[in-house]
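The values are calculated or read from the model by the stated rules, or taken from the named source; none is laboratory data. All of these numbers come straight from a predicted model, not from anything done at the bench. Note that we place each Cβ from the backbone using ideal geometry, even for glycine, and neighbour counts take in every protein chain shown. For accessibility, only protein heavy atoms count, side chains too; no ligands or nucleic acids. Shrake-Rupley method; radii C 1.70, N 1.55, O 1.52, S 1.80 Å.
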Amino acid sequence: MRGEKAVFEYFPGTRAEASINSARITVTDEDGDITELNLQLNSDGYVEFCNSIDHAGTPDANEFTWKMKYDADSHLIEMRRSEGGGEITNITYKDGDVIKTSTRYTTDSDINGDGVIDSNDEWKYQATIDYVTTGVTVPIKNKGCLMMFDELLDVDMDEMIYAYYGGMLGKATKHLPLAGHYTYDNSGNTTEQNFSWTLNDNGYPTELLIGSEEENERYTFAW
């Protein structure tokens, strides 16, 4: 998302106007391409529906939708995207922390090898998340309310991540993830990742390393 700019607009309305857009996020990338996220928010201010327009304002404009569901504790538990034939992501929580995510979507290829391309040709992937490890036996409090959907939870957000930055995708996890186990295809093969956090004196994360000491991705945070 380097070089992108996101502009937030809010449109207060009455309860009778709940079916119309109540917020908009306009994302412009470094090449000037515009994605427009037209949002409907629930009574808690969280996105429950979005009409997204890719390449907005051009002849190549393409629209698709997002639908979100939340649990009684205001955690995002389901995300449905109409793009690419349909994609469903489910997020499972335990004691306020995401412990599993799973995504499935249809494709235009014969995945199951039955000679027919249909709704049975689904691609599935999932992740399980740990909050304690052999090296860190006490969960780390998520004081900064970080929720790195793509990088840690394997939830593909694209430009919708800006709704999280705007506080519109529900509550974050209580603790910081320490390890992830990812199954990316139908074969059952799993990729392991470790997450190493550096905290400041107030307990807020200032650095995250994903991977291992030999090879990792590094993120820094300022408060």
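Net charge in the neighbourhood of Asp95 (other residues with Cβ under 12 Å of its Cβ; Lys, Arg +1, Asp, Glu -1) is 0.
Accessible area per residue, 1.4 Å probe, Å², for the stretch 153-193: what's the number? Please list the in-between numbers first.
Numbers: 1690 Å² over 41 residues.
Value for the stretch 153-193: 41 Å² per residue.
Beyond 27 Å in Cα-Cα separation lie the following of the pairs Lys5/Lys174; Lys69/Lys174; Lys5/Lys67; Lys100/Lys143; Lys5/Lys124: Lys5/Lys174; Lys5/Lys124.
Binning the alpha carbon pair distances of the stretch 20-75 at 10 angstrom intervals from zero yields the distribution 24, 44, 24, 8, 0, expressed in whole percent. Applied to the stretch 84-89, the Karplus parametrisation 6.51 cos²θ - 1.76 cosθ + 1.60 on θ = phi - 60° returns per-residue 3J(HN,Hα) values of x, x, x, 9, 10, 10 Hz, with x for Gly and Pro.
Per residue, how much accessible area does the stretch 57-102 show when a 1.4 Å probe rolls over the protein heavy atoms, in square angstrom?
52
For the stretch 143-223, the fraction of alpha-carbon pairs lying more than 21 Å apart is 35 percent, rounded to a whole number.
With R₀ fixed at 25 Å, the C-beta to C-beta distance from Asn202 to Ile34 puts the FRET efficiency at about 0.10.
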